[in-house]
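Structure first, commentary second.
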Amino acid sequence: MSFISPALKGIIKLRKSVMDNFLLNPIDTQKQVFNKLISSAQFTEYGKDHNFEKINSIQDFQQQVPINDYESLKKYIESTIEGQQNILWPSEINWFAKSSGTTSDKSKFIPVSPESLKENHFKSGKDILSLYIQQFPDSNITDGKCLVIGGSHQINQMTEDSFYGDLSAVMIQNMPSTWQLLRTPEMATALMSEWEEKIERIAQETIHENVTFIAGVPTWTVVLIKRIFEITGKDNLLDVWPNLELYIHGGVSFTPYRAQFQSMIRGDQMHYLETYNASEGFFAAQDDLKEEGMALFLNHGIFYEFLPIEQIGEVHPSTCLLHEVELGKNYALIISTNGGLWRYNVGDTVQFTSLDPFRIKVSGRVKFFINAFGEEVIVDNADQAITSACETTGASVSDYTAAPIFMDANTNGAHEWLIEFDKAPSDLNVFIETLDQTLQKINSDYEAKRYKNIALRMPVVHAIPKGSFHEWLKSKGKLGGQHKIPRLSNDRNWIEEMKQFMKL
């Protein structure tokens, strides 16, 4: 047994009573979070610009503060990066979580305050274990270590006092010493940016540890497990780590990976717990592995609003609060946080699967996208890549669609494209290479997943005959201005239907 196990179990037990309180009193809890956020930030630059001092209710807040995205908060964030303080949040902010970019930037830099680390991300880590142990009270998960498969960027310095990295890297760098003892691999390995060497080092360092649970994005976890099998000659991860019992996943849909994980980790003791974690905050986790949906973390420094998707793009949209949401309806997630994000549109859509307690599932993105491997390719990325490839090869594209090819036991993933050319490229291979290189140039997450083909190999492109998309829409009775070819999809439903129709 680990010498920190009894202390950790005590902390987890204390968290249970706190969690029970917000699960039983969700509306009052959110009001308390809201009041604390407003009172804390009223004298920041953003608070002064939006009259926080005169906000006396949530309705005042909704009237005085617009719904934001990264672009609308960018000037405040850039001032903070440059070293100015008390801009979006009163505490000193020196850390920034790097995530995939907007339409005009390759990467976003999300402010990470001391409060967001302590009261959101680290508190959520404790609560995940609390939720799990409540469901499995005989668990020995705290007797071993957590294998943390972090992000693809080491800590970097932007200015004299400003640092950035993937959220996981920022958390590892700032993690309390007690929690450092619970995780593996070593920090130097966890923060490596060269993924091929990083996977090798993680595998070599951890195969002799007592790993009881794993946390990471499925894409990289699969790559690591395959390497561990190569080193050990095993084909069941429980033969390497016999006390392994939990995989904590999030970031991308686990559905395409579940069967593969079950084939690589064969045993009744293994459990899978879904989380909803982003650079902007830790929002939810499964409180019941038998139920669909994740319990919203309501006292973790985030005030939630939910924007009906039919109101996205309206000049004066009306958001819903918890007591106003409906089951099964799609909402864009809007958050205000103790990191200084105010009425911030995360870009995800969620549905409520339960109203008592409040549970959600991530239903998609506000716009079409591919994020099967954590690459977060948006339509604007694809449009830019297509344009660049056309310019290089003299081609002209009339329409296209793309979807992921999921990993299997023998091959890594890829993106599959159906492209209808009005004018064929001078060289299709050059077109594909330019498409791929442009995506890497404008999207840092895609670039990381394509590095040395570790997670994503070259795109698979089919040049389809002219008129193919028209005929497909016609066959579905969907010709006309309101019906368009879906540019990107995070599953293969559309592309498989099209390929079958086009006999590809």
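The values are calculated or read from the model by the stated rules, or taken from the named source; none is laboratory data. Not measured: the values here are computed from a predicted model. Cβ coordinates were reconstructed from backbone atoms using ideal geometry, including for glycine residues, and neighbour counts include every protein chain displayed.
With a requirement of 3 or more residues that are surrounded by 18 or more Cβ atoms within 10 Å (Cβ to Cβ) and under 32 Å from the mean Cα position of the chain (by Cα), the helices (runs of 4 or more DSSP H) lying completely within region 412-482 that satisfy it span 428-442, 444-450. Each residue in region 454-486 was checked for being of a type in the set (Val, Ile, Thr) and modelled with pLDDT of 90 or more, and 3 of them qualify. Just to verify a result, which residue in region 141-179, among those that are modelled with pLDDT under 80 and farther than 13 Å from residue 215 by Cα, is surrounded by the most Cβ atoms within 10 Å (Cβ to Cβ)? Per the criteria, the residue is 152. Mind checking whether some residue in region 173-181 is more than 27 Å from residue 446 (Cα to Cα) and aliphatic (A, V, I, L, M)? The answer is yes; a qualifying residue exists.
Residue by residue, here is whether (1) in a strand (DSSP E or B); (2) at negative phi; (3) in contact with a strand residue (DSSP E or B) (Cβ under 8 Å, 6 or more places away or on another chain) holds:
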position: 111; (1), (2), (3): yes, yes, yes
position: 122; (1), (2), (3): no, yes, no
position: 132; (1), (2), (3): no, yes, yes
position: 138; (1), (2), (3): no, yes, no
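Scanning region 238-287 for residues that are polar (S, T, N, Q), buried (at least 21 other Cβ atoms within 10 Å of the Cβ) and touching an Asp or Glu at 6+ places or on another chain (Cβ under 7 Å) gives a single hit, 286.
For region 357-374, enumerate the residues that are among the aromatic types (Phe, Trp, Tyr) and over 13 Å from residue 325 (Cβ atoms). Across region 357-374, the qualifying residues are 368, 369, 373.
Determine, yes or no, whether residue 71 is modelled with pLDDT of 95 or more and either within 30 Å of residue 135 (Cβ to Cβ) or charged (D, E, K, R) (or both). In short, no. Is one or more of the residues making up region 352-364 under 28 Å from residue 503 (Cβ atoms), over 22 Å from the mean Cα position of the chain (by Cα) and among the acidic types (Asp, Glu)? The answer is no, given that none of the residues of region 352-364 is under 28 Å from residue 503 (Cβ atoms), over 22 Å from the mean Cα position of the chain (by Cα) and among the acidic types (Asp, Glu). In the condition set (1) surrounded by fewer than 17 Cβ atoms within 10 Å (Cβ to Cβ); (2) without any contact (Cβ under 8 Å) to a residue 12 or more places away in the chain, residue 66 is compliant with all but (2).
Taking first residues from region 299-317 that are among the hydroxyl-bearing types (Ser, Thr, Tyr) and partners that are surrounded by 22 or more Cβ atoms within 10 Å (Cβ to Cβ) and part of a strand (DSSP E or B), the Cβ contacts under 7 Å between residues at least 6 apart in sequence or on separate chains come to 304/296. In region 375-400, what residues are buried (at least 21 other Cβ atoms within 10 Å of the Cβ) and closer than 27 Å to residue 72 by Cα? 375, 376, 377, 378, 381, 382, 385 - these are the residues of region 375-400 that are buried (at least 21 other Cβ atoms within 10 Å of the Cβ) and closer than 27 Å to residue 72 by Cα. Residue 391 falls short on exactly one of the conditions (1) over 26 Å from residue 431 (Cα atoms); (2) without any contact (Cβ under 8 Å) to a residue 24 or more places away in the chain; (3) of a type outside the set (Val, Ile, Thr), and that condition is (1). Residue 41 meets the conditions (1) surrounded by 19 or more Cβ atoms within 10 Å (Cβ to Cβ); (2) in contact (Cβ under 8 Å) with a residue 24 or more places away in the chain; (3) within 21 Å of residue 323 (Cα to Cα); (4) of a type in the set (A, V, I, L, M, F, W, C) in every case but one. The failed one is (3). Restricting attention to region 53-83, which residues are in a loop (DSSP other than H, G, I, E, B) and in contact with a helix residue (DSSP H, G or I) (Cβ under 8 Å, 6 or more places away or on another chain)? Correct list: 55, 66. Taking the stated definitions as given, is residue 145 charged (D, E, K, R) and in contact with a strand residue (DSSP E or B) (Cβ under 6 Å, 6 or more places away or on another chain)? When the stated conditions are applied, residue 145 passes them. Within region 88-126, take every residue that is in contact with a Ser or Thr (Cβ under 7 Å, 6 or more places away or on another chain) and of a type in the set (Phe, Trp, Tyr) and give me the one that is modelled with the lowest pLDDT. Top of the filtered list is 96. Annotation note: Cβ proximity below 8 Å between a residue of region 239-265 that is of a type in the set (Val, Ile, Thr) and a residue that is at pLDDT below 95 and in a strand (DSSP E or B) (sequence gap 6+ or interchain) occurs for 248/215.
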